[in-house]
């Protein structure tokens, strides 16, 4: 296909047969970026970028994006070649639709064009910074980049800034603020003081299932649009963004609410529910699916035993410790979303960086249940499934890699003790960075994990799951 999606082909796109095609209805070239986004991945482009696109469709040009890839050049360059345009296939109960998103006005790579990022952070046109750099991205490099930008902004007298983390971290705004403040204080106490007065770090929770792009998705986009789109994505109809009312410009609260963002005084109940119910269930299904040879989340939920497990995991082990309103309705909505076969959400994609994700997703619920005398058997089964997953080979003898910063260590440990469930549990539960200090010493937790790992070893994960559901 000779033509590609870009500004010159935008208006001539044919769109899917008998379906309207959403596309930018605003003058993109006339706008400067008002938002610097760090972490130019699939999730951001199918979530916040679409929220900002909706605001721009309403005539508010302040929400255009500079999309910053942190290290990888491939996506940033592919986006630049398409003038920042890309298509999103939205799969909902009402069917499939396509929209071309135009809110990404410029792209760059922080590792390659650091000066451009710092200059953008200092620009008077920039009002917001958003981040989806994943849990492992909150380190010295991120702090140095942001604080360099804040220092340049202070020197330019460019005014206040909203800095919104959109990563799956409890209290993410405060964590980011502390990271940046600590770095600033080590350099310049006056700069840290300026940040306290001029940088606003709201907590936020974001939710949308966005599978990684595949060659099949790119072909579907080409068929739908009539041009090549190397940045095409697919997602579900559901989305949620809950953000704390803590903005540099207070009027932004009403602006965001006008397009469906929930602006609240306390994000914590929503944050917890998403981390423990959605992300926690995802991690459990990812381990189980990988071991059973089931490629996607929808393949997992299509198995009655796994669906029953996930329902019980949320209902019995997680929901009792949550304060979000209508958790039962949220649970049912999650199960419906998990079952959407159009998403093709890979279990191995979800299992990436397990050793960084699991500490956020499972241990808090385990601790809460043990403290209240509640059930932990489904969480224990999930932990046992993770230990079996760490061996790096499924029950059909097909090997897979552990895409995890601790993958080699985890796999070596799981294989070394593969014939001894108690030893496996002792070794893997003993990793304090995952499970903390207290849980590995609590027999109420270690005993059921050991039991279910023994049963998985003895009869296989599927039959062990049947036993669990009948228990």
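The values are calculated or read from the model by the stated rules, or taken from the named source; none is laboratory data. Note that the structure is predicted; figures quoted are calculated from it, not measured. Cβ: placed from backbone, ideal geometry, glycine included. Neighbour counts: every protein chain shown.
List of remarks:
- Unmet criterion (only one of (1) modelled with pLDDT of 95 or more; (2) over 26 Å from residue 158 (Cα atoms)) for residue 66: (2)
- Condition check for residue 423: more than 27 Å from residue 169 (Cβ to Cβ), modelled with pLDDT under 95 and surrounded by 14 or more Cβ atoms within 10 Å (Cβ to Cβ): no
- Elements of the type helices (runs of 4 or more DSSP H) sitting completely within region 377-431 and holding at least 1 residues that are assigned by TED's automatic domain parsing to the domain that holds residue 294, without any contact (Cβ under 8 Å) to a residue 40 or more places away in the chain and in contact with a helix residue (DSSP H, G or I) (Cβ under 6 Å, 6 or more places away or on another chain): these cover 407-416, 421-429.
- Among the numbered conditions (1) under 18 Å from residue 247 (Cα atoms); (2) surrounded by fewer than 23 Cβ atoms within 10 Å (Cβ to Cβ), the only one that residue 112 does not meet is (1).
- Residue 446 vs. criteria surrounded by fewer than 13 Cβ atoms within 10 Å (Cβ to Cβ), assigned to a helix (DSSP H, G or I) and at pLDDT 95 or above: no
- In region 22-62, the qualifying residues are those that are assigned to a loop (DSSP other than H, G, I, E, B) and within 26 Å of the chain's Cα centre (by Cα), and the one that is surrounded by the most Cβ atoms within 10 Å (Cβ to Cβ) is 40.
- Selection count, region 362-376, where residues are part of a helix (DSSP H, G or I), touching a helix residue (DSSP H, G or I) at 6+ places or on another chain (Cβ under 8 Å) and surrounded by fewer than 24 Cβ atoms within 10 Å (Cβ to Cβ): 7
- Test for residue 335: is it surrounded by fewer than 18 Cβ atoms within 10 Å (Cβ to Cβ) and at pLDDT 95 or above: yes
- Scanning region 246-255 finds no residues that are within 21 Å of residue 147 (Cβ to Cβ), out of contact with any strand residue (DSSP E or B) (no Cβ under 9 Å at 6 or more places or on another chain), surrounded by fewer than 17 Cβ atoms within 10 Å (Cβ to Cβ) and touching a residue at least 40 places away in the same chain (Cβ under 8 Å).
- Among the strands (runs of 3 or more DSSP E) confined to region 63-177, the ones with at least 3 residues that are in contact (Cβ under 8 Å) with a residue 12 or more places away in the chain, under 20 Å from the mean Cα position of the chain (by Cα) and in the same structural domain as residue 192 (by TED's automatic domain parsing) are located at 65-69, 86-92, 128-131, 161-165.
- Looking only at residues in region 331-361 that are more than 14 Å from the chain's Cα centre (by Cα) and in a loop (DSSP other than H, G, I, E, B), the one that is farthest from residue 233 (Cα to Cα) is 339.
- Being under 30 Å from residue 344 (Cβ atoms), modelled with pLDDT under 95 and surrounded by 18 or more Cβ atoms within 10 Å (Cβ to Cβ) holds for only one residue in 224, 232, and it is 224.
- Selection of region 289-306 for residues being under 18 Å from residue 341 (Cβ atoms), part of a helix (DSSP H, G or I) and under 22 Å from the mean Cα position of the chain (by Cα) yields 289, 297, 298, 299, 300, 301.
- Flag if residue 413 is crowded, with 19+ Cβ neighbours inside 10 Å and under 29 Å from the mean Cα position of the chain (by Cα): yes
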